[in-house]
1. What list of ³J(HN,Hα) couplings, whole Hz, do you get for the stretch 130-147 from phi and the Karplus terms 6.51, -1.76, 1.60, once you set θ to phi - 60° and write x for glycine and proline?
2. Distance between the C-alpha centers of the stretch 15-55 and the stretch 86-109? Whole Å please.
3. Using a 1.4 Å probe on the protein chains only, how many percent of the accessible area of the stretch 1-128 belongs to carbon and sulfur?
4. Along the charge dipole of the stretch 54-118, Cβ charges K/R +1 and D/E -1, which of ALA59, TRP112, TYR97 sits furthest on the positive end?
5. Cβ neighbours within 10 Å, averaged per peptide: list 63-73, 29-39, 88-98 in order, most packed at the top.
6. Just to make sure I understand: if all protein chains stay in place, what is the order of LEU128, LEU105 by accessible area at 1.4 Å, largest first?
7. Bins of 5 Å, beginning at zero and ending with the bin holding the largest distance: percent of Cα pairs per bin for the stretch 1-130, please.
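The values are calculated or read from the model by the stated rules, or taken from the named source; none is laboratory data. What you see is a predicted model; the values in this text were computed from it and never measured. All Cβ positions, glycine included, derive from the backbone under ideal geometry; neighbour counts span all protein chains shown. Ligands, DNA and RNA are excluded from the accessible area calculation, which covers all protein heavy atoms including side chains. Shrake-Rupley method; radii C 1.70, N 1.55, O 1.52, S 1.80 Å.
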Amino acid sequence: MKSRPERESAAPGPPFSKLARSAIEKHVPEVRSSEAWWSLANNNVWVRWPAGDVFAYLALHRHLDWISGEAGISREPHEIGELFPLPGVPAALVPGYRIRLGHLLDGDDRWWATGEGESELIERLEWLVLQLRVKGAAYFRRYPPPASTTENETAGSAGLRSPDKPRSH
């Protein structure tokens, strides 16, 4: 009986966290400073950095062969999971907001295919970062974060504002 030769498997590429961080650092220069705070996990990478009087967030997620991302904003530093997920209206005071790219583009919670190899994955990650950077920044210019915890303590619930209503000028 003839044995079949074993298939040669391709060497595994760099981990998702390394590719995602590289994509973020390439298109978001502010995260290259020592003031940026990173969370790197196997399938979840996010970064927080000071942006004037607020903190900005950008995250990339992978599930099997699908990727997605989200942008966030808060007045004080928090874990991205502590920020209120938009769209929606919080029932109580929240530390900040986050929104998925699908909601920024077409109103749906959407995931994108990773592609057929490392180069396509890198291309898609960079596309997600650029979209989050532009669309997230524009969104949060219209819908700023809630007041900080210290402002909320002194002003009561005055910091609670629906993110679905733009601020008046």
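1. These are the phi-based 3J(HN,Hα) values: 4, 5, 4, 4, 6, 5, x, 4, 5, 4, 6, 5, 7, 10, x, x, x, 4 Hz.
2. 20
3. The value for the stretch 1-128 is 50 percent carbon and sulfur by accessible area.
4. Positive-end residue among those listed: TYR97.
5. Final packing ranking: 63-73, 88-98, 29-39.
6. Ranked from most to least accessible, the order is LEU105, LEU128.
7. Each 5 Å bin holds this share of Cα pairs: 2, 10, 19, 20, 18, 12, 7, 4, 3, 2, 2, 1, 1, 0, 0.
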